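Taking it in order: structure first as structure tokens, then the write-up.
The values are calculated or read from the model by the stated rules, or taken from the named source; none is laboratory data. This structure is a prediction, so every number in the text was calculated from the model and none was measured. Neighbour counts are summed over all protein chains in view; Cβ atoms, including those assigned to glycine, are modelled from backbone coordinates with ideal geometry.
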Ligand code: G6P
């Protein structure tokens, strides 16, 4: 999603500001975006110059090189006093060059903005009434005009920004520059923003990785803060109440290793392959070579919250929500404690009478998902105790919750979450075990059995990754049936194009070849594998753009079964255990209607499923089975997307870090 970066160099002319901004934008590409731009203030009272493109940072770099912007890519480096950059994920207005940030306003001001301004229509009308002319369709442009008006009124940058921010409703992180000023002024409310410092140079950024280790220390602005970054001075921070505020600096430590592909063609593939190590890292503090669960690793305060909670309430989005749904089975079965998994965007607006007395667990890879942050805050207001499960320990969610369990999966770059999902599941299973142990519902025998299985988890994940070849084949078949080889039955009464092109009145997909597309793939599962069916469908949709639907196997007959015909591929998740026969019966319902079954079955699944395609996996035991089943589904989606030539790591319309609601 949108990303901000900015820099005020310590000395004039000493730094390749444009080059830094372009590299920083490249480092935050993983967040997902569809246009990008930079703007700089030239030294010696110079004006503001802007460069923007619709599309990728590589295109912006090319444009900078071609136009000699800031001396980027050779030549003399321009003397630049301050600069800001932005990657935009379009919300209001198409992802065009014109709508890209930085956005200029009269008076030589430029701003970059993350978030959504809810009262932009109102403000736009007021500003128009005062003679301001709008160039873009964005909600953000009102900020640029309000800021420029503040400057024209003779205020300093900080006052101009505070006054602009005071008029905004909604969520924002903003950074601004203006002609003749060697400074950046920024503000935030409801959207993260941090300030960095390294050898006298000051930075601003919406997430630390964009700074690539250039900042030696960073501070996270609090909600309502404004900050002024001026060359040669310390960052000046003013709180929402208008007072000078001291915020805590944190050393950034060793610069985070820049994400690299390490020989893989895609980050997603690399991250799928990293799952055995990620799972091992996630459990390292809790599972030793011998013995049971090491509950000490939860820490005394969290253990008390685990013991005392009347219920467990999980809030999350996307893939993290699917992990939460699986955890529900674990918590309820092992700890005998009521547990709910909630979609965070819905939860935040619900009156949840059960929140007080609950342990509310916010699960998020990034720790920056706006809806999850808001849902945790809503639960806290109702009296819940909070816990964050995050991959990014220094994230807003981890700070807001005050307690966090790290997933330790390592940086995840691919937009489609993979290793973070299995790491989340691992941590959630440890949490369920911990709660059960604290509440006295876990027998020593069950604890020993599950912990022994967890010890084997990395090895079992390696085993399930070996299904890669089979998944590639399945993906080929699924893609070919999606891309159409199906003759429309004459009695369906659909007119075809009869071989001609461009016949009116007919969906373009049906023209020219008398064929129709099969519009979907089904994924079914029961129990802890039902959320995995949802996740398998989500993965396929996200990156291959093939429509897919996950369904509780027993729920099929209540509607979704109507979709099944001889052309419908259905992926059946068939672990062993009590529900195996039930799942087999649901698979038979699909087969009876001609559906094509692709069955992923546990080695110990004894149920008879008559399918042409069965792949077997050693899933250890029923408790860890959903974790072991995940990689083949990720590989299936990966190969489907690859065969279709999709942009696997950066699927269209999606973002890695969703910082707007
Ligand atoms: C985005 C990503 C998903 C992710 C979801 C939640 O939609 O594309 O992969 O599952 O956000 O993200 P979080 O960081 O909170 O886990």
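Can you find a residue in region 629-636 that is within 16 Å of the ligand (Cβ to nearest atom), outside the structural domain of residue 277 (by TED's automatic domain parsing), over 14 Å from residue 532 (Cβ atoms) and touching a residue at least 40 places away in the same chain (Cβ under 8 Å)? No, region 629-636 has no match at all.
Determine, yes or no, whether residue 337 is within 21 Å of residue 530 (Cβ to Cβ) and more than 14 Å from the ligand (Cβ to nearest atom). Let's see the steps before the verdict.
Working: within 21 Å of residue 530 (Cβ to Cβ): yes; more than 14 Å from the ligand (Cβ to nearest atom): yes.
Yes, satisfied.
With in contact with a helix residue (DSSP H, G or I) (Cβ under 8 Å, 6 or more places away or on another chain), surrounded by 19 or more Cβ atoms within 10 Å (Cβ to Cβ) and modelled with pLDDT of 95 or more as the only criterion, which of 101, 120 stands out? I'd like the intermediate steps shown before the answer.
Numbers: 101 fails: in contact with a helix residue (DSSP H, G or I) (Cβ under 8 Å, 6 or more places away or on another chain).
Result of the check over 101, 120: 120.
Looking at residue 342, is it in contact (Cβ under 8 Å) with a residue 60 or more places away in the chain, in contact with a helix residue (DSSP H, G or I) (Cβ under 8 Å, 6 or more places away or on another chain) and either within 13 Å of the ligand (Cβ to nearest atom) or not in a helix (DSSP H, G or I) (or both)?
Working: in contact (Cβ under 8 Å) with a residue 60 or more places away in the chain: no; in contact with a helix residue (DSSP H, G or I) (Cβ under 8 Å, 6 or more places away or on another chain): yes; either within 13 Å of the ligand (Cβ to nearest atom) or not in a helix (DSSP H, G or I) (or both): yes.
Here the answer is no, as residue 342 does not meet what is asked.
Scan region 415-464 for residues that are at pLDDT below 95 and either within 12 Å of residue 276 (Cα to Cα) or more than 16 Å from the ligand (Cβ to nearest atom) (or both) and the total you get is 0.
Restricting 210, 215 to residues that are at pLDDT below 95, in contact with a strand residue (DSSP E or B) (Cβ under 6 Å, 6 or more places away or on another chain) and in a helix (DSSP H, G or I) narrows the list to 210. If the condition is being in a loop (DSSP other than H, G, I, E, B) and modelled with pLDDT of 95 or more, then region 623-647 contributes 623, 624. Count of region 596-619 residues, restricted to those that are surrounded by 22 or more Cβ atoms within 10 Å (Cβ to Cβ) and either in a loop (DSSP other than H, G, I, E, B) or outside the structural domain of residue 472 (by TED's automatic domain parsing) (or both), is 2.
Condition test on residue 472, is it at pLDDT 95 or above, part of a helix (DSSP H, G or I) and outside the structural domain of residue 373 (by TED's automatic domain parsing)? Give the steps one after another, and end with the answer.
Numbers: at pLDDT 95 or above: yes; part of a helix (DSSP H, G or I): yes; outside the structural domain of residue 373 (by TED's automatic domain parsing): yes.
So residue 472 fits the description; yes.
Here is the figure for region 295-328: residues that are outside any helix (DSSP H, G or I) and surrounded by fewer than 16 Cβ atoms within 10 Å (Cβ to Cβ) total 2. Kindly provide the set of residues from region 191-217 that are surrounded by fewer than 20 Cβ atoms within 10 Å (Cβ to Cβ) and either assigned by TED's automatic domain parsing to the domain that holds residue 368 or more than 19 Å from residue 80 (Cα to Cα) (or both), ordered by number. Matches in region 191-217: 212, 213, 216, 217. Here residue 49 passes the criteria (1) over 30 Å from the mean Cα position of the chain (by Cα); (2) at pLDDT 95 or above except the one numbered (2). Step by step: first the residues of region 281-294, then only those that are part of a helix (DSSP H, G or I) and in contact with a helix residue (DSSP H, G or I) (Cβ under 6 Å, 6 or more places away or on another chain), then the one that is nearest to the ligand (Cβ to nearest atom). Which residue is that? Within region 281-294, the match that is nearest to the ligand (Cβ to nearest atom) is 282. Test residue 379 against the criterion of being touching a strand residue (DSSP E or B) at 6+ places or on another chain (Cβ under 6 Å), within 13 Å of the ligand (Cβ to nearest atom) and either assigned to a loop (DSSP other than H, G, I, E, B) or not assigned by TED's automatic domain parsing to the domain that holds residue 627 (or both), and give yes or no. So residue 379 fails the test. Per this entry, residue 349 is counted among residues that are free of Cβ contacts under 8 Å to residues at least 40 places away in the same chain, touching a helix residue (DSSP H, G or I) at 6+ places or on another chain (Cβ under 9 Å) and more than 16 Å from the ligand (Cβ to nearest atom). A Cβ distance below 7 Å, combined with a sequence gap of six or more or placement on separate chains, defines the contacts here; from region 646-657, residues that are more than 18 Å from residue 411 (Cα to Cα) reach residues that are more than 11 Å from the ligand (Cβ to nearest atom) and outside any loop (DSSP other than H, G, I, E, B) in the pairs 646/544.
Checked against (1) within 15 Å of the ligand (Cβ to nearest atom); (2) assigned to a loop (DSSP other than H, G, I, E, B); (3) touching a residue at least 40 places away in the same chain (Cβ under 8 Å), residue 367 passes all but condition (3).
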